[in-house]
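Structure below; questions to follow.
The values are calculated or read from the model by the stated rules, or taken from the named source; none is laboratory data. What you see is a predicted model, and the numbers here were worked out from it, not measured in a lab. Here the Cβ positions follow ideal geometry from the backbone for every residue, glycine too, while neighbour counts run over all protein chains shown. Side chains are part of the model used for accessible areas, which takes the heavy atoms of the whole protein and leaves out ligands, DNA and RNA. Shrake-Rupley method; radii C 1.70, N 1.55, O 1.52, S 1.80 Å.
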Amino acid sequence: MDRVLNSKLRLVSTLIAALALLLSGSSQKSAMALDGPTIKLVIADGATLSDIVTVTAKVSDSNNVDIDKVEFAIDDQLKFTDQSVPYEFDWDTLADKEGTHTISATAYNAKGKTASTKITITVDNELSKGATALSATATEALKAGETEKAMKFARRALVVEPTNIPASRVLANLYRSKGEFNKGIEVLAKLDLPDSEIDARAELVALHIMKGDSSINAEDFIAESTLAAEIYHKIALAKIALAKAGSGDIETLAINRGDAYFADNDWNSALREYESAGDPATGPMLAVNRTILTLIRSGRLKEANLALSQVKRSNRGDKVTETVQGLYFIANSEFKKAEDALAGPAIAGNTAAQIANAYVLINRGQMKKARVIGDKLKESSPQLAETQLLISYLEPDALDAKAAFTRAVALEPNSAQPYVVRGGQVMSTKDSGRFKLADPIFDFALKLDPKSSFAMIGKSLSFLIQQKPNEAEPMILKLLDLEPNAPDVHFIAAALYQQEDKSAKITQHLNIANKIDPDRWADAFVPKPQDLATKVLRFRFAPMISPASLFAESK
């Protein structure tokens, strides 16, 4: 009787155990040998997935045998093998079609035992919305600072339309923010941009400048700057074409075309367009002031002074003319006159006048007052290259100054001034290879603008520091012809003649400098070339004012 009862009890226990085993099963189909590994995917069966998903497998072994590896497959195609905890791989669902897929994982232990599991999921990246809608979402997310969302929707848009420009711009901006300049360049460079596309090219310019600036190699910096300048020229050509195709009155059309040529440093064409609206004595002041600014920027100071005199005689000047007059005085090294001319427009809030006034304050050593102006301009006009260049002078922190310089060049890579600033900064270091780095930068500045006095001064000083008077002399003689009223140029000439041991000429140029500016250039002896370079580069500033700031008002 007992045997029968025991037998029935064992049968019931077996049935209960079997039932419990069945009830403990899951929707994931697993091979769970009692003496082997067990495996389960963290993602739920039937889940809907999008973008990049981390697929994780939880693996254990009943006998504590080491797990050799876990293989992951999508639709039974092996995608990844992981040999360490956590066992996982990143699946970019955008590489696969929308719809149903399977994910499977197989674990292998050290004794050759295996266990597998498989689930079915749905991929949905909303690609049916189309590239236009997806890229619009990405753009709005970027503006809102939602970088993860911007990345997701930009990538989705580019799956639908690989050449979508707005999505590519979003992606390039995100790479730039992370310092991945090569990736950003690659995204934009592969696009077949139409001639009229300006914004994407502007972002490509910035990426090249930032890539070059991140290198310690001068050749890399120049190579990237060259590419940036070439792309910027295409932007200028697009603006010129738009200006030529525009409609409106004669004055407006002439100014728009002139501004487009100005942006390309095509001074002669800019002057031709501005002057077509009328000469300085009778033409509209919007064009006349631009004409004078162009003459100053192109180094034609005598013509600029003549045009200013014509305006004054006809009693037609305005606050912008006063600003241009101040810029002329700065270019002619007449800083006290510049300060007087700029006072009214600067107080009135003219952006260019405030920038120029800050340079005058720097020249006079009043950095605190100049920084007050710079801080205001940071808020009101950070989009202007001339603002960023000014900030690069004013920032007390070297890294902040360098960042502002980079922004200035990225906004206007075809102007010589920022590169001279960079060359001067490199030359002022104590690095034994500083001239190998600085000289190519000065040369590039001169390539951009062969008539740039600022660039010639930088290169001349480099030659003098390196004790190369023969190379410096032709450039210094040219400077004396271009800027006979510049005291720093006369000191540079005196340094040249000191190296050539021409004492009479040394005295002659020291006396001229002292007569022009007895407050700051009254030294009885010529400083050492390196000290002279420091003094000159602190004295000499070149505001690269554009029409955009000349007619802008800051708050």
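Run the numbers for Glu186 and Ala343: contour at 0.36 nm per residue of separation, minus the present Cα-Cα distance, in nm. Walk me through the numbers before you get to the answer.
Details: separation 157, 0.36 × 157 = 56.52 nm, distance 4.76 nm.
Gain on extension, Glu186 to Ala343, equals 51.8 nm.
Near Ala95, within a Cβ-to-Cβ distance under 13 Å, what is the net charge of the other residues, with Lys and Arg +1 and Asp and Glu -1? Present the calculation step by step, with values, prior to reporting the outcome.
Working: positive: Lys79, Lys97, Arg155, Arg156; negative: Asp51, Asp75, Asp90, Asp92, Asp96, Glu98.
Once all neighbours under 13 Å are counted, the net charge is -2.
Could I ask something else about it? Can you give the helix-only mean residue ellipticity at 222 nm for the chain, where every DSSP H stretch with n ≥ 4 adds -39500 (n - 2.57) and the sum goes over all residues, rounded to the nearest 500 deg cm²/dmol? Numbers along the way, then the final one.
Details: 25 runs with 337 residues, N = 555.
Roughly -19500 deg cm²/dmol at 222 nm, from the helical runs in the chain.
How many Å² of accessible area per residue for the range 473-555, probe 1.4 Å?
Details: 4090 Å² over 83 residues.
With the other protein chains kept in place, the range 473-555 gives 49 Å² per residue.
Which of the lysines could a cross-linker span from Lys502 if the Cα-Cα distance has to be under 22 Å and same-chain partners fewer than 8 positions apart are dropped?
The reachable lysines, counting only those whose Cα sits under 22 Å from Lys502, are Lys459, Lys468, Lys478, Lys515, Lys528.
Roughly speaking, what is the stretch gain from Asn511 to Ala133, that is 0.36 nm per residue apart minus the C-alpha to C-alpha distance, in nm to one decimal? List each step's numbers first, then the result.
Numbers: separation 378, 0.36 × 378 = 136.08 nm, distance 7.05 nm.
My answer for the length gained is 129.0 nm.
Could you order peptides 124-131, 427-434, 298-305, 257-264 by the average number of other Cβ atoms within 10 Å of their residues, highest first?
On the way: 124-131: 15.5, 427-434: 13.0, 298-305: 17.8, 257-264: 22.2.
Listed from highest to lowest mean packing, they are 257-264, 298-305, 124-131, 427-434.
Hey, what did the range 32-89 get for relative contact order, percent, Cα under 8 Å, at least 6 apart? Don't skip to the end; give the middle numbers.
Numbers: 78 pairs, mean separation 18.8, N = 58.
Reported relative contact order: 32 percent.
Relative contact order for the range 211-321: what is it in percent, counting Cα pairs under 8 Å that are at least 6 residues apart? The partial results should precede the final answer.
Values: 103 pairs, mean separation 17.4, N = 111.
Relative contact order here is 16 percent.
At R0 = 51 Å, how high is the FRET efficiency between Asn315 and Leu242 if r is their beta carbon distance? Nearest 0.05 is fine.
Here the calculated transfer efficiency is 0.90.
Can you return the lysines within cross-link range of Lys58? Criterion is Cα-Cα under 17 Å, with same-chain partners fewer than 8 residues away left out.
Within the straight-line cut-off, Lys58 pairs with Lys29, Lys40, Lys69, Lys113, Lys118.
At 27 Å minimum axial length over the Cα atoms and a Kyte-Doolittle cut of 0.0, report the qualifying DSSP H helices in the chain, or say none.
Details: long enough: 2-23 (31 Å, 1.20); 218-245 (40 Å, 0.60).
Both cut-offs are met by 2-23, 218-245.
Between the range 426-483 and the range 98-171, what's the alpha-carbon centroid distance in Å?
When both Cα centres are located, 53 Å separates them.
May I ask you to give the percent of accessible area on the chain that is carbon plus sulfur, with a probe radius of 1.4 Å?
Working: 14500 of 27150 Å².
Answer for the chain is 53 percent, counting heavy atoms of protein chains only.
On to the next question. Just grab the label-to-label distance for Asp124 and Glu230, each label 7 Å out from Cα along the Cβ direction, in nm (one decimal).
A separation of 4.8 nm, rounded to one decimal place.
Quick one: P(r) of the range 160-254 from all Cα-Cα pairs, 10 Å bins, percents rounded to integers, in order of increasing distance.
Using 10 Å bins, I get a P(r) of 16, 40, 27, 13, 4, 0 for the range 160-254.
Please work out the average accessible area per residue across the range 328-456, using the 1.4 Å probe convention, and give it in Å².
Values: 5100 Å² over 129 residues.
Counting only protein heavy atoms, the per-residue value for the range 328-456 is 40 Å².
Can you tell me how much longer the chain between Lys535 and Ser380 gets when fully stretched, taken as 0.36 nm per residue apart minus their C-alpha distance, in nm with one decimal?
Working: separation 155, 0.36 × 155 = 55.80 nm, distance 3.11 nm.
Stretched out fully, the Lys535 to Ser380 stretch lengthens by 52.7 nm.
Need the C-alpha centroid separation for the range 38-57 versus the range 206-232, integer Å.
44 Å
Testing the spin-label approximation: label points 7 Å from Cα along Cα→Cβ at Val65 and Lys502. State their distance in nm.
Here the answer is 9.3 nm between the modelled labels.
Right, another one. Normalised by the residues of the range 331-448, what does the relative contact order come to in percent, with Cα pairs under 8 Å and at least six apart?
On the way: 119 pairs, mean separation 17.3, N = 118.
Relative contact order comes out at 15 percent.
Under a plain spin-label model, where a point goes 7 Å from the Cα along Cα-to-Cβ, how far apart in nm are Asp523 and Asp431?
Simple spin-label model gives 2.5 nm for this pair.
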